[in-house]
Structures are given as structure tokens and as C-alpha cells.
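A.B. asks: Next up is a structure, given as C-alpha cells.
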Amino acid sequence: MGFYIASDEDIKAGKVTDVYFRRVIAALEKRGINPVVSMEVRAGGLPRDWKWAVFAGLEEVLELVDGLPVELRSIDEGALFAAGEPVLSITGRYLDFAVFETALLGLICQASGIATTAARCRLAAGERAVISFGARRMHPAIAPMIERNAYLGGCDGVAVVESAELIGLKPSGTMAHSLILCAGDEKTAFEAFEESLEPGVPLVALIDTFQDEKFGAIFAAELLGERLSGVRLDTPGSRRGDFKQIMQEVRWELDVRGFEHVRIFVSGNLDEYNILEYNEVADAYGVGTHISNSPVVNFSADIVEVDGELRSKRGKKAGLKQMWVCPTCDFRSVTLASVELHSCPVGGELMEPMMKVQYADGSRRIEARGITQMRASVIEALGSLELD
């Protein structure tokens with residue numbers, strides 16, 4: 001039977017499409033109608049009252065349109081955008097790309113939501129490490145997509161082996177409760193874990209399987225000494241109580257015994273607001289469900305020009321657009337794409353266009369940026385933001 005997923009071939013063949021697009025195509029073909037249209041993608045609003053989001057999924061969109069006779073313009077992958085701003089457009093004969101609208105939106109809606117949630121966790125954590133732990137909450141077929149976009153948004157590492165290979169990282173993780181349960185006691189588990197670790201992997205002990213966190217941390221530190229890099233608290237909700245106070249107790253007991261070098265790694269039902277609360281004590285975070293189950297960004301794709309005529313449905317602004325940003329004050333504005341130069345109304349400087357031709361005449365027009373470079377641009381942009 002196999003897994004319930006669409007193959008690369010099915011997606012590229014246009015099989016992942018809402019049926020009404022097939023009916024539109026049939027109707028237009030029957031009448032011989034196939035105009036050159038410009039279709040624009042934007043989000044009318046953002047989830048959870050976000051003030052900004054991270055654009056992601058472009059690389060897969062470029063794979064989707066590869067071979068099609070269209071022009072695709074977009075902002076850079078990893079760029080920040082706000083509600084109402086155009087992020088992508090396609091121009092070409094409508095029948096050449098109509099069947100791909102469903103897949104195109106799916107590629108960027110989910111990816112942008114994941115990247116944005118990861119970026120919010122990154123912003124909340126400051127200099128502390130954030131690792132993506134959420135692949136187990138979603139279908140395994142999309143684990144690499146989830147963790148690739150979590151890393152793009154600012155996570156420092158990902159847990160799944162396949163995902164890490166895709167990104168070009170070593171997978172990140174600590175210790176499983178199953179090791180301790182199978183071993184029967186912490187001493188056997190900790191020593192076996194240390195003996196089996198690959199070179200260069202920090203030794204982080206999971207301390208809440210059988211013991212109170214405070215005493216588990218003391219036991220691990222006294223057993224492993226300088227070899228212990230950190231302790232991980234994955235305390236279940238039924239035992240958590242005042243989790244911050246538990247961490248403070250652990251920190252105190254480690255410090256007074258001379259184990260200041262041992263870091264506190266926290267996981268379990270975390271979001272950006274928990275992270276802000278725990279930053280006083282925690283050194284690193286594993287964020288799972290909150291990232292993998294991110295709300296999608298509800299992009300819509302709308303025709304804004306037909307055979308050169310400005311034309312759009314009610315509620316949408318007609319005309320292919322350009323988004324501009326001031327290099328000095330970051331002021332942004334939107335004009336028609338036909339505008340070649342645009343000055344900042346604040347300081348009068350020439351603004352920079354954000355929408356660029358990414359694909360035209362059957363080939364990419366801008367060299368692909370590496371995921372590490374895209375992630376760096378996200379983190380740089382976060383430097384001037386605060387959580388709303």
C-alpha cells in the first residue's frame with residue numbers, strides 16, 4: 001500500500017490540485033481562451049496577530065515551476081513581510097500554470113508558518129540555543145520540510161537524521177527516557193550513553209525519569225564530573241508545578257557544588273512566551289509541537305492583470321506590484337511594478353526593490369542562496385524586532 005503521500009512526479013504533473021482548476025481549464029480550452037495573466041500572492045492577515053512573518057518555501061516553488069513558460073518574481077526566501085504585502089507573482093499564459101496554484105500555495109503557506117514560529121522562538125531565546133524537536137508530531141514524509149524551515153527561521157539544530165543531512169548539519173539531541181527505562185537505573189544508562197557517544201557530541205544527561213530533578217542533576221554531575229555538559233529537564237505537565245522554580249533549584253544545587261559549567265537544557269510544551277519566562281535560568285531549549293504544528297500563513301493567489309489590462313476581483317488591488325524598502329530606515333511601500341525608481345517619503349533616499357525576477361525563460365535568474373545564508377539573514381532581521 002505504501003504511505004499516503006503525493007510523489008514528486010504527482011506534484012509536478014499537477015495532480016495535487018483542487019478539482020475546480022481542472023474545470024476552469026476545461027471551460028477555457030473549450031472556448032479557446034488563454035490570456036497572459038499576472039497572478040499575485042499575498043496574505044490578507046497573519047495568524048495569532050503576528051506583526052511580521054518569514055517568507056519560506058521559495059526553493060520548492062522554483063522546483064514546481066521548473067520547465068514552465070512563466071516568469072516568477074518574489075521577495076527573497078527568509079525575508080520578513082507584513083500582512084497585505086506581495087511576496088510572489090507569476091506571469092504567463094494562464095493555462096500553462098493554472099493547475100499548480102494549489103501546490104504552490106501549500107508549499108509557502110506551511111513553510112512560512114514554521115519559519116515564523118521558529119523565528120519567534122529564536123527572538124525570545126536571545127543567545128540561547130534552540131533545537132527543533134517536533135518532527136514526531138507530523139507525518140514523517142514532511143519531517144525534512146519542517147526542520148529545514150525551522151532551521152531557516154533560526155533554530156540552531158534539528159533532531160531528525162534525514163533532516164540534518166538535507167540541511168548539511170549533524171543531528172542534535174540528548175538522551176531518551178527509553179534508555180534509562182531499559183537500563184533500569186540512571187548510573188548504567190549515563191555510563192552506557194557516554195561510552196557510545198560519537199566524538200564531539202556533548203554529554204547531556206536526562207535527569208527526570210526516576211528522580212526529582214534536583215537530586216537527579218546532583219547525581220549526574222557527581223557521577224560524570226567535568227565530562228557532563230548539561231542536564232535536560234523534560235518534566236511532564238503532571239509533575240511540573242512551578243517549573244521555573246524547579247530549574248532555579250537545579251541551578252543552585254549545581255552551582256554550590258562547583259558544577260557551574262553544567263548547562264540546563266529544557267524541553268516539553270515550550271513556546272516563545274515560556275522561553276521568555278525561563279531565560280533567567282535555562283541555557284538551551286528543545287521546541288517540538290509548537291514549531292511543527294505552526295499555523296499556516298493564509299496566502300492567496302489572485303489575478304491582477306489580464307493581457308496587460310489591470311483587472312482583479314473585488315477586494316483586491318489590480319496591477320502587478322513591487323514592494324520597496326528603504327536601506328536606511330526600513331520604511332516599506334508598495335507601487336505598481338512598472339515604477340522603476342521610488343524614493344523614501346521619510347528621508348528621500350532611493351528605496352530598494354524587494355520583488356526580484358527569480359525564474360524566467362525556463363531558467364533561474366538568481367543564484368540559489370544556501371540555507372545557512374538565508375538563516376543568517378533572518379537572524380539579522382530579528383535584531384531590530386521585539387515579540388508582539
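A.B. asks: Are any of the residues in region 215-231 within 23 Å of Val160 (Cβ to Cβ) and either among the acidic types (Asp, Glu) or in a helix (DSSP H, G or I) (or both)?
C.D. replies: Within region 215-231 (the criterion being within 23 Å of Val160 (Cβ to Cβ) and either among the acidic types (Asp, Glu) or in a helix (DSSP H, G or I) (or both)), the answer is no, since none of the residues qualifies.
A.B. asks: Restricting to region 229-252, name every residue that is of a type in the set (Val, Ile, Thr) and within 19 Å of Glu186 (Cα to Cα). If you could, list the steps in order and put the result at the bottom.
C.D. replies: Initially, region 229-252 is screened for residues of a type in the set (Val, Ile, Thr), giving 231, 235, 246, 250.
Those that are of a type in the set (Val, Ile, Thr) and within 19 Å of Glu186 (Cα to Cα): Val231, Thr235, Val250.
A.B. asks: Looking only at helices (runs of 4 or more DSSP H) that fall completely inside region 238-310, which ones have 1 or more residues that are free of Cβ contacts under 8 Å to residues at least 12 places away in the same chain and either of a type in the set (Ser, Thr, Tyr) or surrounded by 17 or more Cβ atoms within 10 Å (Cβ to Cβ) (or both)?
C.D. replies: Correct list: 272-278.
A.B. asks: Follow-up question, since we're still on this one. Does any residue of region 124-136 turn out to be over 18 Å from Ile275 (Cβ atoms) and modelled with pLDDT under 95? Spell out how you get there, then give the answer.
C.D. replies: Going through region 124-136, the residues over 18 Å from Ile275 (Cβ atoms) turn out to be 135-136.
Now restrict to residues that are modelled with pLDDT under 95: 135-136.
There is at least one residue in region 124-136 that is over 18 Å from Ile275 (Cβ atoms) and modelled with pLDDT under 95.
A.B. asks: Considering Ile131, Ile108, Ile90, which residue is touching a residue at least 24 places away in the same chain (Cβ under 8 Å) and assigned to a helix (DSSP H, G or I)? Spell out how you get there, then give the answer.
C.D. replies: Details: Ile131 fails: assigned to a helix (DSSP H, G or I); Ile90 fails: assigned to a helix (DSSP H, G or I).
That would be Ile108, the only listed residue that is touching a residue at least 24 places away in the same chain (Cβ under 8 Å) and assigned to a helix (DSSP H, G or I).
A.B. asks: Could you figure out which of (1) in a loop (DSSP other than H, G, I, E, B); (2) surrounded by fewer than 18 Cβ atoms within 10 Å (Cβ to Cβ) isn't true of Cys155?
C.D. replies: (2)
A.B. asks: Could you give me the residue pairs with C-beta distances under 6 Å whose first residue belongs to region 6-27 and is among the polar types (S, T, N, Q), whose second residue is surrounded by 13 or more Cβ atoms within 10 Å (Cβ to Cβ) wherever it lies, and which are 6+ apart or on separate chains?
C.D. replies: Thr17/Val99; Thr17/Thr102
A.B. asks: Looking at this structure, is Ile180 farther than 24 Å from Gly288 by Cα, at pLDDT 95 or above and not acidic (Asp, Glu)? Full working, then the answer.
C.D. replies: Details: farther than 24 Å from Gly288 by Cα: no; at pLDDT 95 or above: yes; not acidic (Asp, Glu): yes.
Taking the combined requirement at face value, the residue does not satisfy it.
Residues checked against (1) out of contact with any Gly (no Cβ under 8 Å at 6 or more places or on another chain); (2) outside any helix (DSSP H, G or I); (3) within 25 Å of Glu147 (Cα to Cα):
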{"site": "Leu166", "(1), (2), (3)": "yes, no, yes"}
{"site": "Pro171", "(1), (2), (3)": "no, yes, yes"}
{"site": "Met175", "(1), (2), (3)": "yes, yes, yes"}
{"site": "Leu179", "(1), (2), (3)": "yes, no, yes"}
{"site": "Ala192", "(1), (2), (3)": "yes, no, no"}
{"site": "Glu195", "(1), (2), (3)": "yes, no, no"}
{"site": "Pro199", "(1), (2), (3)": "yes, yes, yes"}
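A.B. asks: Starting from residues that are part of a loop (DSSP other than H, G, I, E, B) and without any contact (Cβ under 8 Å) to a residue 40 or more places away in the chain, keep the ones in region 320-336 and report whichever is surrounded by the most Cβ atoms within 10 Å (Cβ to Cβ).
C.D. replies: Going through region 320-336, the residues part of a loop (DSSP other than H, G, I, E, B) turn out to be 320, 326-331.
Filter once more, keeping what is without any contact (Cβ under 8 Å) to a residue 40 or more places away in the chain: 326-329, 331.
On the way: Cys326: 20, Pro327: 12, Thr328: 12, Cys329: 12, Phe331: 15.
Among residues in region 320-336 that are part of a loop (DSSP other than H, G, I, E, B) and without any contact (Cβ under 8 Å) to a residue 40 or more places away in the chain, the one surrounded by the most Cβ atoms within 10 Å (Cβ to Cβ) is Cys326.
A.B. asks: Could I ask something else about it? Given the structure, is Leu166 more than 24 Å from Arg232 (Cβ to Cβ) and free of Cβ contacts under 8 Å to residues at least 24 places away in the same chain?
C.D. replies: On the way: more than 24 Å from Arg232 (Cβ to Cβ): yes; free of Cβ contacts under 8 Å to residues at least 24 places away in the same chain: yes.
Yes.
A.B. asks: If a residue has to be without any contact (Cβ under 8 Å) to a residue 60 or more places away in the chain and not in a loop (DSSP other than H, G, I, E, B) to count, how many in region 337-369 make the cut?
C.D. replies: Residues that pass the stated criteria total 5.
A.B. asks: Something else now. In this structure, does Ser38 turn out to be under 19 Å from Leu320 (Cα atoms), crowded, with 19+ Cβ neighbours inside 10 Å and touching a residue at least 24 places away in the same chain (Cβ under 8 Å)? Before the answer, list the steps.
C.D. replies: Details: under 19 Å from Leu320 (Cα atoms): yes; crowded, with 19+ Cβ neighbours inside 10 Å: yes; touching a residue at least 24 places away in the same chain (Cβ under 8 Å): yes.
It is true that Ser38 is under 19 Å from Leu320 (Cα atoms), crowded, with 19+ Cβ neighbours inside 10 Å and touching a residue at least 24 places away in the same chain (Cβ under 8 Å).
A.B. asks: Now a separate question. Could you tell me how many of the residues in region 20-63 are within 18 Å of the chain's Cα centre (by Cα), in a helix (DSSP H, G or I) and basic (Lys, Arg)?
C.D. replies: Of the residues in region 20-63, 1 are within 18 Å of the chain's Cα centre (by Cα), in a helix (DSSP H, G or I) and basic (Lys, Arg).
A.B. asks: Of the residues that make up region 370-378, is at least one among the basic types (Lys, Arg), crowded, with 19+ Cβ neighbours inside 10 Å, touching a residue at least 40 places away in the same chain (Cβ under 8 Å) and in the same structural domain as Arg48 (by TED's automatic domain parsing)? Before the answer, list the steps.
C.D. replies: The initial filter retains those residues of region 370-378 that are among the basic types (Lys, Arg), namely 375.
Going one step further and asking which of them are crowded, with 19+ Cβ neighbours inside 10 Å, we end up with 375.
From what's left, touching a residue at least 40 places away in the same chain (Cβ under 8 Å): 375.
Still in the running and in the same structural domain as Arg48 (by TED's automatic domain parsing): 375.
The answer is yes; a qualifying residue exists.
A.B. asks: Considering only region 253-269, how many residues are modelled with pLDDT of 95 or more and farther than 16 Å from Gly230 by Cβ?
C.D. replies: Number satisfying all stated conditions: 1.
A.B. asks: Next up: Restricting attention to region 347-369, which residues are more than 27 Å from Arg93 (Cβ to Cβ) and surrounded by 13 or more Cβ atoms within 10 Å (Cβ to Cβ)?
C.D. replies: Correct list: Glu349, Met351, Arg369.
A.B. asks: Can you pull out every residue in region 107-118 that is surrounded by fewer than 22 Cβ atoms within 10 Å (Cβ to Cβ) and in contact with a helix residue (DSSP H, G or I) (Cβ under 9 Å, 6 or more places away or on another chain)?
C.D. replies: Within region 107-118, the first condition is being surrounded by fewer than 22 Cβ atoms within 10 Å (Cβ to Cβ), and the residues that meet it are 109-110.
Across region 107-118, the qualifying residue is only Gln110.
The values are calculated or read from the model by the stated rules, or taken from the named source; none is laboratory data. In this text, all values refer to a predicted model and were calculated from it rather than measured experimentally. Heads up, the Cβs are rebuilt from the backbone with ideal geometry, glycines too, and the neighbour counts pull from every protein chain shown.
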